[in-house]
1. Among the residues that make up the stretch 129-142, is at least one of them of a type in the set (A, V, I, L, M, F, W, C) and open to solvent by 70 Å² or more (accessible area, probe 1.4 Å)?
2. Consider the stretch 1-58. How many of its residues are part of a loop (DSSP other than H, G, I, E, B) and either modelled with pLDDT under 75 or among the polar types (S, T, N, Q) (or both)?
3. Starting from residues that are among the hydroxyl-bearing types (S, T, Y) and assigned to a helix (DSSP H, G or I), keep the ones in the stretch 213-246 and report whichever is surrounded by the fewest Cβ atoms within 10 Å (Cβ to Cβ).
4. Which of the residues belonging to the stretch 182-207 are out of contact with any helix residue (DSSP H, G or I) (no Cβ under 6 Å at 6 or more places or on another chain), open to solvent by 50 Å² or more (accessible area, probe 1.4 Å), more than 27 Å from N348 (Cβ to Cβ) and in a loop (DSSP other than H, G, I, E, B)?
5. Among the numbered conditions (1) open to solvent by 40 Å² or more (accessible area, probe 1.4 Å); (2) farther than 30 Å from A362 by Cα; (3) assigned to a loop (DSSP other than H, G, I, E, B), tell me where Q123 comes up short.
6. Hand me the list of helices (runs of 4 or more DSSP H) wholly inside the stretch 426-545 holding 3 or more residues that are open to solvent by 30 Å² or more (accessible area, probe 1.4 Å).
7. Quick one: in the stretch 339-361, which of the residues that are at pLDDT 80 or above and among the polar types (S, T, N, Q) is most open to solvent (accessible area, probe 1.4 Å)?
8. Looking only at the stretch 155-170, decide whether some residue is in a loop (DSSP other than H, G, I, E, B), more than 30 Å from V78 (Cβ to Cβ) and without any contact (Cβ under 8 Å) to a residue 12 or more places away in the chain.
Amino acid sequence: MAKRNKSLTLGESLADRFAKAKRLFRAFASDGTRTLYATRDITMNGEVRGCFDGKLAELTAVMVQTGKIYTCRDEIVVEQGSEIHGELIPIAGHGTTSPAAGAMLANFIVAEIDGEEDAPPKQFSLPRCIAQSLLQREPTRAALPQIRQYFRRPVIDVDFIVRGPGYHADICTLVHSHRIEPVVLGPVPSASLPALQRLPHHLQQLLSDFCFFTNSDVVNYVAMLLTGVLATHFAADGKPIFALDGNQPGVGKSLSATAAGIVLDGVVPTLNRYISDETELEKQIGSSLRKSHQSLLIIDNAKTPSGAAISSAVIESMSMAPLLSGRILGQSANFERANDVLWILTMNSTQLSRDLATRSCAIQFAFEGDPTKRSFGDRSPHEYAMRHRGEILGELFGMLDRWTQAGRPPGERPHRLAKWARIVGGILLANGLPEFLVNQDCVIQQFDASADQLAALAEAVLKSGNGPFVRTDSSPLPAEGLVAERALAAGDWVGFFITADIDRERLQTAKSEHSRATIVGNILSPLVSRTVEVQVRPPVTATLQSITGRSKRKSYYFVFEALSLESAAAVKAAEEFAAADLCNEANSSETAAMPEVGGSGKFAAALEVQQSGENEREAVDLDAWVDP
């Protein structure tokens, strides 16, 4: 029995003992209090009694056991909230520790020291120096579970199985999302219906008010959503840049891109501005990728001040890289993340470099008249996507299930990114949407600036009448002797380049014939075997070819193929016109001196063939390309 203080009465002593017991009772857990790990031997000023690294190892083991602390990219993060509406809070990077790190860790770990006399123990968050040492400790980072991929939707694993909310240690993936089951879809719709009407209900409703140019554009948009859902499948082998192109501003390109972001992530994605300065563009993209857990990287309203083609080595390389990396601004460290991002480029009738054009999947929008007068009725695409996000994802998962039930047939349309085209094309084909990539060749020619150059060059050669070209009216290749006679070395193409206004300034300022030949050769070489349609009346196709002569010197020539009898007559007329010596040499100077069209002879007869069945405007257009 405790001794009573002689200076206190019995009643006072009992009251004192009761007060102490009350203080002790308050020190223990009450309603709503969590059970935290209390570590000892750490003082309030950060001193450790005993082995310092041993104490950090003890705290590391506790951090691992919580199941709430991870490494993600270059950071240590704490998971807060539920598995449905959770978020990741960074508490440390390489060489940096958040001032709130100790407070965040206090959700799981506190330090404890003895109280005075009969007072309860004192507990406090880890001192800042301890938190810094713990979070920058290499064994600590190595021991924590790693998040390689983070999604706000269920993820599709390598076996095309839907993984729901929670941490999946076997694939190092964390999902914060509702559980979404695949929708059981009905019979495959008839191909006679418009593409929009063949879509599952909520997808159809979401896309119904966008002004897609063709059925292929509708299907390619669904391909974009499927690519986002399956992004982990294409991180290593690549996926296309989705080029959303409108015939004018305000037709809904950016709106459709952000609606896709809402479907995939549940939030409106951030838009990035296109910057022609490659260094600044790389910084902007790197910052966006590091700070955000979004599944999309949208470069909005891409254009250049001069109207030149969009050409970006940064976008070309980063969009195809299996692993994205970049410099952390203000630090000497880099960040890395898997390329599980959907790359989107929005633009208005803008041309792209050859590399960007062939790596893209085009989705075109067109509206006649004033786009500000467009109406979405009483529906907002953003609101609809947010309200029915679960159903839309369920329909996309249902399309995957239907593909699996059909035996996962591969897609039939070729693309530079073959694995992506096989998987996504197969899913769409199994769901009655065969228009996937149908518009690809045509759109590449529209987007590709080099295609315009090649077409202009072909037109200049054709107008010359006796330039480096041969014609073929059927499948057999032109005679070898004729090819050798017509083909010209790179240096002999300079006049045609200047006529077609291709690199005119550089060619005219070059200091030597050799320099000019090098410029021309570097442009012609990657265009060999490319076919373009020459927009003349009637049209012809032109394919650039090359042959190797003595000393392995390359010579180049066009093969013109008629798209109609009238085209054949036009090409033949140009040849015979030159053979009859009715025109001057087109290659002898920068501009070719051509005679006016006469009213007799074979050339006039050919014109009569071309003009038969054509209206007056077409005949004028025909004159324009046959005779300058």
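The values are calculated or read from the model by the stated rules, or taken from the named source; none is laboratory data. Being a predicted model, the structure only gives us computed values, none of them experimental. Cβ sites come from the backbone with ideal geometry, for glycine too, and all protein chains shown count toward neighbours. Heads up: the accessible areas ignore ligands, DNA and RNA and are worked out on the full protein's heavy atoms, side chains in. Shrake-Rupley method; radii C 1.70, N 1.55, O 1.52, S 1.80 Å.
1. yes
2. Within the stretch 1-58, the first condition is being part of a loop (DSSP other than H, G, I, E, B), and the residues that meet it are 1-9, 28-36, 40-41, 43-47, 49-51.
From the residues that got through so far, the ones that are either modelled with pLDDT under 75 or among the polar types (S, T, N, Q) (or both) too are 1-9, 28-33, 35, 43, 45.
Of the residues in the stretch 1-58, 18 are part of a loop (DSSP other than H, G, I, E, B) and either modelled with pLDDT under 75 or among the polar types (S, T, N, Q) (or both).
3. Step one: filter the stretch 213-246 for residues among the hydroxyl-bearing types (S, T, Y), giving 214, 216, 221, 227, 232.
Of the ones still in play, those that are also assigned to a helix (DSSP H, G or I) are 216, 221, 227, 232.
On the way: S216: 24, Y221: 26, T227: 22, T232: 19.
Out of the qualifying residues, it is T232.
4. Residues satisfying the conditions are V184, P187, V188, S190, A191, S192, L193.
5. Failed condition: (3).
6. Passing ranges, in order: 440-447, 449-464, 480-486, 504-509, 513-524.
7. Among those residues, the one meeting the criterion is N348.
8. Within the stretch 155-170, the subset in a loop (DSSP other than H, G, I, E, B) is 157-161, 164-165.
Filter once more, so that each one left must be more than 30 Å from V78 (Cβ to Cβ): 159-160.
Filter again for without any contact (Cβ under 8 Å) to a residue 12 or more places away in the chain, leaving 159.
Yes; the residues of the stretch 155-170 include at least one that is in a loop (DSSP other than H, G, I, E, B), more than 30 Å from V78 (Cβ to Cβ) and without any contact (Cβ under 8 Å) to a residue 12 or more places away in the chain.
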